[in-house]
Each structure stands twice: as C-alpha cells, then as structure tokens.
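Trainee: Next up is a structure, given as structure tokens.
The values are calculated or read from the model by the stated rules, or taken from the named source; none is laboratory data. Bear in mind that the values here come from a model prediction, so they are computed numbers and not experimental data. Virtual Cβ from ideal backbone geometry, glycine too; neighbours counted across all protein chains shown. Note: areas computed on protein heavy atoms with side chains; ligands, DNA, RNA excluded. Shrake-Rupley method; radii C 1.70, N 1.55, O 1.52, S 1.80 Å.
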Amino acid sequence: MVKAYINDNKDRFLAELFEWLKIPSVSADSRHKGDVRKAAEFVKEKLVAAGVNKAELCETKGHPIVYAEKIVNPSLPTVLVYGHYDVQPADPLNLWTSPPFEPVIKDDKIYARGACDDKGQVYMHVKAFEIMMKNNLVPCNIKFMIEGEEEVGSDNLGTFVKENKAKLKADVILISDTALISLEHPSITTGLRGLSYMEVEVTGPNRDLHSGVYGGAVANPINALCSMIASLHDENGKVTVEGFYDKVAELSAAEREALNRAPFNLSNYKKDLDINEIKGENGYSTLERTGVRPTLDVNGIWGGYTGEGAKTVLPSKAHAKISMRLVPNQVSAEITELFTKHFQKIAPPYVKVKVMAHHGGEPAVTPTNSTAFKAASKAFEEVWGKTPIPTRDGGSIPIVALFKQELGLDTVLMGFGLDSDAIHSPNEHFGVKNFLIGIETIVAFYKHFAK
Ligand code: BES
Ligand code: MN
Ligand code: MN
C-alpha cells in the first residue's frame, strides 16, 4: 500500500520538492533573508496540506523555526522530527553544471543546492507523514521542528529549545540529515563529531609594503601564518595544540574492530576524489579518522594580492578560518580556549595575532539499544532486506547534543544521503531512489516504533 502510494505520487512528490529547492534559502547570506522565510512558509504549508493539526512559524532573532504537530492521542508516544530548510551558499557558481536553484534530474539524481542537505531529506518526512495521514497509518504523535539556521550554527534554535521544553516534549528525536554507506549497505549513524570554528588574523607591518623595497627585511605575515599553520600537525598527523587529545575517548579494541567491519573500499574512495594517496593520523583507518578521531583543518586562507596579474606587495595582514572536528569527550569551548592559547603562543615576535571564535558544537553518540533505534533497524530490514550497519559520521549536527542535554532525549539518525552527494560543494545532488526509499523506510519506522 505504501509502496503503491509512493509510486502513484512520485512525480508530484518530486515536483513539490523542486518548488522548494528553487527557493535560495541561504541562511548565511543576509541578501537571502526573504527567501529563507519563503522556504519556511513553503514547508509549513505542505505540512498543513498533509494534515497536521497545528503549524506555525516561530520567530527568532534570526530565521524562523517551523513547528508543527499531529497529536493523535496524548497517551501515545511522540516522535519529534528535526531538520533544516536552510542551505549552504552555492558558490563557486561557475563549477555547477546546472544552476544551483534550478533543480534538474540527471542520471536519476536531483541536482540542486539543498537536494540532500537537507531539504530533500526533510521532504521525505513531509511525504511519509502525508502517506500515513491518507492511509490512516499515523500510529503515534508526531512533532516537526524544521529550522533555518543549521548551516550557521543553530544559535537561536538552542534558545528556542531551552524556552519551549513543554511544547517539544517527546520520546525520541528523529533526524534525516546524514549519510548511508551506500544503497547496497544501509546504515544508521550512531555518532556525530563536534566542532570548534576559529578565525585568525596575523599582522605584520602597519601597511602593505613594496616587496622589493622591504622584502627580506620585514616579516611577511602570510609567510608567518603558513609556518604557524604547518606546525599545527606533527609528522604523525597529530594535532599539536597542547591538551587537544586530553579528553578524547579512545575506543576499545572490540569497538574499533566493529567500526572497521563496515564496508569501505579504499581504491574507490581515492578514485572518487582523484587523489593518489590518503593522509591522516597515523595508526588509524579512514573510518576511524573521520568517525572517532578529532581533526584540524584550514577552511580558507587569504591576504595580499589575489587579483588579476601580478602585484609585488608585502602585505600587512594574513587571515585564515580554521575548524576542528571534535569527538567524545572533547568540549567545544575548552578546545576553542586551547587553540586560542596555543596559536598565541606559537606566534613569532615579528607578527601580532588575533584569534576569534565562530560557532561550535558538541559531539554526540546515540544509543543502539533503544526502542527507537531498534524500530529504525527493523524498518531497514523490512524495506531494504538488510540489517543496517551502525556508523560514525564525521559531520556535525550540534543540536543533537543539545537535545540530550536540554530535553533528555536521544536521537535516531536515519539519514539517506551518500558521502558522494557533494553536500556543501558544487553540484550537490540526491538520488531519486534514495528519496523514494527513504519515504518508505520512514513510514516503516513509525510502524515498528509504535508497536
Ligand atoms: N547535514 C550536515 C551534517 C552531516 C553531513 C552529518 C553528513 C553527517 C554526514 C549539516 O547540515 C552540516 O553541514 N553541519 C555543519 C555544522 C554546522 C555547525 C555548520 C558541518 O558539519 O560542518
Ligand atoms: Mn544538514
Ligand atoms: Mn550542511
């Protein structure tokens, strides 16, 4: 019945999703403030059309939060579905093979910014809900909280959660904003990394100088920044920030073995990325490096002359954005502090440095023995004919730790993307198959959860 409904309505499902994807809800860009709101209104209206008994835009200091609920019986358990309707900026635009906000299907994949992260995955929940409503299959209470600031740190959502604990009362959080191992190997994410995001500024002379007149005699802040950054990893691929690993939870041999049992093909991995070799912390596998080890990466670096042609200049300033991915039991604020101290300490005397913190978030690990996790597992078994493999994802959804802390709720991370979907990159896409089978799996989740 569910499969048939999906099959009969799939063109409409996709057409609706396309309409949503056309709205450039880039939360980081204030020029898109109106579009972000439009995207919120859109999903609110679709939830209303699907049959929720209450739906509202909750205003925040930033972008609105969409809240909706279907209470079938207060004595039944409640699932709180979380997702985000904001998207990453689309640039560099010239690398897209079709415009980011003009969705198209190529090779059975939906190409558009937000196709996978996270509009496409949120829309699976809206349609799963529609199916359950139309077929009298809603087996428990369902609440939806779809925010518009996930890609910029969810600051206002944190406040909203703290101030609306009664409204958000539920038994479990359900999120589709992560990836599967592959369509052949379904998986459920059981861990996410945390984040500390920093920005540094290195200043040399008080103004840009002629690089011939002064070069060789005055320190170049870009050269200095490069040396400082280079020193942030040692020859074993370890981060050199003092105290960085102090709180890192080491996995037991059995846990490592289990994690490494997940299918992973190194040569396909390298081929997909066009790299000759992988590189990371010595002594750990790729799955461990992205799943359970903390990292430090430069996200952007700038300064001096980068325009057309050549300009001989010894710049006054150099900048970089540096992020650290965190694992249990690291604490974002502590790592931010350790980094700040370390970066100031390694600054050579001939430059001045400023260190600023952007957003952060805590790592999260979800239980695998809960009713909800078992229901998700059974849903995959029913729809995919395979038991899903638990995996640790490298990305971050900081609100997951906050849900646990503020609401005491565990999360089930039932994501349907693929690592190769190019989220945050040009040509983001989402498999039509992933979208449709995701809807079916979500309906199956509710069935098993309410049993
Ligand atoms: N959906 C991603 C996180 C993700 C992606 C988790 C793939 C697991 C697998 C989310 O939208 C995201 O991009 N989060 C940011 C963090 C945020 C604080 C900006 C991230 O991970 O960089
Ligand atoms: Mn996301
Ligand atoms: Mn994202």
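Trainee: By per-residue mean of other Cβ atoms within 10 Å, what is the highest-first order of 408-421, 330-343, 274-287?
Mentor: Final packing ranking: 408-421, 330-343, 274-287.
Trainee: Accessible surface of Cys226 in the full protein assembly, 1.4 angstrom probe, to the nearest 10 Å²?
Mentor: We get 70 Å² for Cys226.
Trainee: Next up: Starting from a Cα-only point model with no solvent, please compute log10 I(q)/I(0) by Debye for the stretch 269-387 at q = 0.13 1/Å.
Mentor: Scattering profile of the stretch 269-387, log10 relative to I(0): -0.85.
Trainee: Could you tell me how far the Cα centroid of the stretch 400-446 sits from the Cα centroid of the stretch 6-72, in Å?
Mentor: 17
Trainee: As a test of the formula, what do you get for the chain when each DSSP H run with n ≥ 4 contributes -39,500 (n - 2.57) and the sum is divided by the residue count, at 222 nm and rounded to the nearest 500 deg cm²/dmol?
Mentor: After summing the helix terms and dividing by residue count, I get -10000 deg cm²/dmol.
Trainee: Let me ask you something else. Let me know the number of lysine pairs in the stretch 294-371 closer than 24 Å at the Cα, not counting same-chain pairs under 8 apart.
Mentor: Eligible lysine pairs with Cα atoms under 24 Å apart amount to 11.
Trainee: Taking H placed 1.01 Å from N in the peptide plane, check which residues at least 5 places from Lys22 or on another chain put their amide H under 5 Å from its amide H.
Mentor: For Lys22, whose amide H was placed from the backbone, there are no distant partners under 5 Å.
Trainee: Kirkwood Rh over Cα pairs of the stretch 1-55 into Stokes-Einstein at 10 °C, 1.306 mPa s: D in µm²/s?
Mentor: Rounded, D is 125 µm²/s.
Trainee: Could you pull out every residue, at least 5 positions away or on a different chain, whose amide H is within less than 5 Å of the one on Leu209? Hs are placed 1.01 Å off N in the peptide plane, and Pro or chain starts have none.
Mentor: Hits under the 5 Å cutoff: Leu314, Ser316.
Trainee: Just the accessible area per residue of the chain, please: how many Å² with a 1.4 Å probe?
Mentor: Value returned for the chain: 45 Å² of accessible area per residue.
Trainee: Separate question: When Rg is the radius of gyration of the Cα atoms in the chain and Rh is its Kirkwood radius, what does Rg/Rh come to?
Mentor: On the Cα set of the chain, Rg over Rh gives 0.99.
Trainee: Additional query: For an R0 of 25 angstrom, estimate the FRET efficiency from the Cβ-Cβ distance between Lys10 and Val72 and round to the nearest 0.05.
Mentor: FRET efficiency, Lys10 to Val72: 0.40.
Trainee: Same structure again: Apply the Karplus curve 6.51 cos²θ - 1.76 cosθ + 1.60, θ = phi - 60°, to the phi angles in the stretch 4-12 and return the couplings in whole Hz, x for Gly and Pro.
Mentor: 3J(HN,Hα) across the stretch 4-12, in whole Hz: 5, 4, 4, 4, 5, 10, 5, 5, 5.
Trainee: How high is the relative contact order of the chain, in percent, counting Cα pairs under 8 Å that sit 6 or more residues apart?
Mentor: Reported as a whole number, the value is 25 percent.
Trainee: Quick one: with all protein chains in place, what share of the accessible area of the chain is carbon or sulfur, to the nearest percent (1.4 Å probe)?
Mentor: 51
Trainee: Applying 1/(1 + (r/R0)^6) with R0 = 35 Å to the Cβ-Cβ distance of Ser252 and Ser420, what FRET efficiency is obtained, to the nearest 0.05?
Mentor: 0.70
Trainee: Also, I was wondering about something else. Do you know the Lys pair count in the stretch 83-189 for C-alpha distances under 19 Å, with sequence separation 8 or more or different chains?
Mentor: Going through the stretch 83-189 pair by pair, I get 11.
Trainee: Also: Given H placed 1.01 Å from N in the peptide plane, which residues other than close sequence neighbours of Cys58 have an amide H under 5 Å from its amide H?
Mentor: Ile65, Val66, Tyr67
Trainee: I've got another one for you. Based on the mean of other Cβ atoms within 10 Å per residue, sort peptides 22-34, 258-270 so the most packed one is first.
Mentor: Descending packing order for the listed peptides: 22-34, 258-270.
Trainee: When the solvent-accessible surface of protein heavy atoms is calculated with a 1.4 angstrom probe, in what order do Arg293, Arg37 fall, highest first?
Mentor: Correct descending sequence by accessible area is Arg37, Arg293.
Trainee: Can you check what the Kirkwood hydrodynamic radius comes to for the stretch 35-147, Cα pairs only, in Å to one decimal?
Mentor: Taking the inverse mean of 1/r over all distinct Cα pairs, the stretch 35-147 comes out at 15.3 Å.
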